[in-house]
1. Does residue 122 satisfy the criteria of being more than 19 Å from residue 46 (Cβ to Cβ), assigned to a loop (DSSP other than H, G, I, E, B) and at pLDDT 95 or above?
2. Take the range 82-100 and flag every residue that is over 13 Å from the mean Cα position of the chain (by Cα) and outside any loop (DSSP other than H, G, I, E, B).
3. Pick from 105, 71, 76: which is touching a residue at least 40 places away in the same chain (Cβ under 8 Å), out of contact with any strand residue (DSSP E or B) (no Cβ under 8 Å at 6 or more places or on another chain) and under 25 Å from residue 27 (Cα atoms)?
4. Taking the residues in the range 76-93 that are touching a helix residue (DSSP H, G or I) at 6+ places or on another chain (Cβ under 9 Å) and closer than 12 Å to residue 56 by Cα as candidates, determine which candidate is surrounded by the most Cβ atoms within 10 Å (Cβ to Cβ).
5. If you take the residues in the range 5-20 that are in a loop (DSSP other than H, G, I, E, B) and either modelled with pLDDT of 95 or more or out of contact with any helix residue (DSSP H, G or I) (no Cβ under 8 Å at 6 or more places or on another chain) (or both), which one is farthest from residue 123 (Cα to Cα)?
6. Quick check on my filter: what residues within the range 21-45 are touching a helix residue (DSSP H, G or I) at 6+ places or on another chain (Cβ under 8 Å) and assigned to a helix (DSSP H, G or I)?
7. Please count how many residues of the range 29-51 are without any contact (Cβ under 8 Å) to a residue 40 or more places away in the chain and surrounded by fewer than 19 Cβ atoms within 10 Å (Cβ to Cβ).
């Protein structure tokens, strides 16, 4: 299978790849609207590494989004979610440890929000969701 590509919801990720990221299912990484999946093994390997480093389960609020879903929820027109990004819930996590695990795993884009941490492999950058999120995350 070609790396970094969209696949249909009914297609399965190759078994050898699924074994490389046992803590994440194809369904949780798929578009919540239509089930479309973006196949990106390197992203998933890094996500699994971050999960191992954080030593706690990740609750993925949003991963891949089809263009229609991204537009409907007000996502950025060039959002990394159109490929693959992850919004990881903060519940049960120390934000500093979660951020460090994701950074060490090689993620380059970070969005700091009150209830989740956005991670992606886009250009090196970071932002805050709002003023309260900035207050929460600035202590780290």
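The values are calculated or read from the model by the stated rules, or taken from the named source; none is laboratory data. From a predicted model like this one, the values you see are computed outputs, not experimental measurements. Glycine gets a Cβ as well: all are built from the backbone with ideal geometry, and neighbour counts include every protein chain shown.
1. no
2. Passing the criteria: 95, 96, 97, 100.
3. Just one listed residue meets the conditions, 105.
4. Checked the range 76-93; the qualifying residue surrounded by the most Cβ atoms within 10 Å (Cβ to Cβ) is 88.
5. Out of the qualifying residues, it is 10.
6. Matches in the range 21-45: 26, 29, 41, 44.
7. The qualifying residues number 8.
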